[in-house]
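The values are calculated or read from the model by the stated rules, or taken from the named source; none is laboratory data. A quick note: this is a predicted structure, and the numbers were derived from the prediction, not measured. Because the Cβ atoms are built from the backbone with ideal geometry, glycine has one as well, and the counts that use them run over all protein chains shown. All accessible areas refer to the heavy atoms of the entire protein, side chains included, with ligands and DNA or RNA removed. Shrake-Rupley method; radii C 1.70, N 1.55, O 1.52, S 1.80 Å.
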Amino acid sequence: MRLEKCWFCSSTIYPGHGIQFVRNDAKIFRFCRSKCHKNFKMKRNPRKVKWTKAYRRVHGKDMTQDSTFEFERKRNRPERYDRNLAESVLKAIPKIDKIRVTREERHHKNRMKGKKEKLQREAVKELEQGISLVKAPSVLQQDPSLTLPKIKVKVSQQQSEENHAMKE
């Protein structure tokens, strides 16, 4: 079973799925779904479309360099079947997946490291700029002129019935 990669978004295409486009120069483009095919026909660049793998790699959202990616690479050179080698590869796959997951988590943690401090700095800056708008509750109790005045509104019986009828 051969699993292909989508030319546009780099997702996996399983046999019997997707669309294949062959250009006049015999270059083959495979797409996982019509969304990718339509974006290709509109001549969009996958590195500028936010939901693609290419965008995530270019903008540092996903890992780009890692030795675990070597196992996923497509190899066109056929290998002679060796039962021992196949057995060792099948045993190694779960270990490699575990290593990849831990490295991706570490990458995400490093990427998000400065975000908390940045949000805190922005909040402090906003507070400093608008400190005149913020008053302590004790000050509001002592000086009632700082609060909005309470207005009494008289509503006639006829108006309340009209409002009630409109709601229904």
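Would you mind finding the one in Arg111, Arg121, Arg100 that is modelled with pLDDT of 70 or more, on the phi < 0 side of the Ramachandran plot and touching a helix residue (DSSP H, G or I) at 6+ places or on another chain (Cβ under 6 Å)?
Selected residue: Arg100, the only one of Arg111, Arg121, Arg100 that is modelled with pLDDT of 70 or more, on the phi < 0 side of the Ramachandran plot and touching a helix residue (DSSP H, G or I) at 6+ places or on another chain (Cβ under 6 Å).
Specify the residue that is least open to solvent (accessible area, probe 1.4 Å); the eligible residues are those in the stretch 1-33 that are under 28 Å from the mean Cα position of the chain (by Cα) and among the aliphatic types (A, V, I, L, M).
Here the answer is Ile13.
Among the residues of the stretch 142-162, is there at least one that is modelled with pLDDT of 65 or more, touching a helix residue (DSSP H, G or I) at 6+ places or on another chain (Cβ under 9 Å) and not in a helix (DSSP H, G or I)?
The answer is yes, given that some residue of the stretch 142-162 is modelled with pLDDT of 65 or more, touching a helix residue (DSSP H, G or I) at 6+ places or on another chain (Cβ under 9 Å) and not in a helix (DSSP H, G or I).
If I ask for residues that are loosely packed, with under 11 Cβ neighbours inside 10 Å, assigned to a helix (DSSP H, G or I) and of a type in the set (D, E, K, R), which ones from the stretch 75-114 would you list?
Passing the criteria: Arg83, Glu87, Lys91, Lys95, Glu105, Lys109.
Which residues, taken from the stretch 18-43, are outside any helix (DSSP H, G or I), over 14 Å from Lys5 (Cβ atoms) and without any contact (Cβ under 8 Å) to a residue 12 or more places away in the chain?
Val22, Arg23, Asn24, Asp25, Ala26, Lys27, Met42, Lys43
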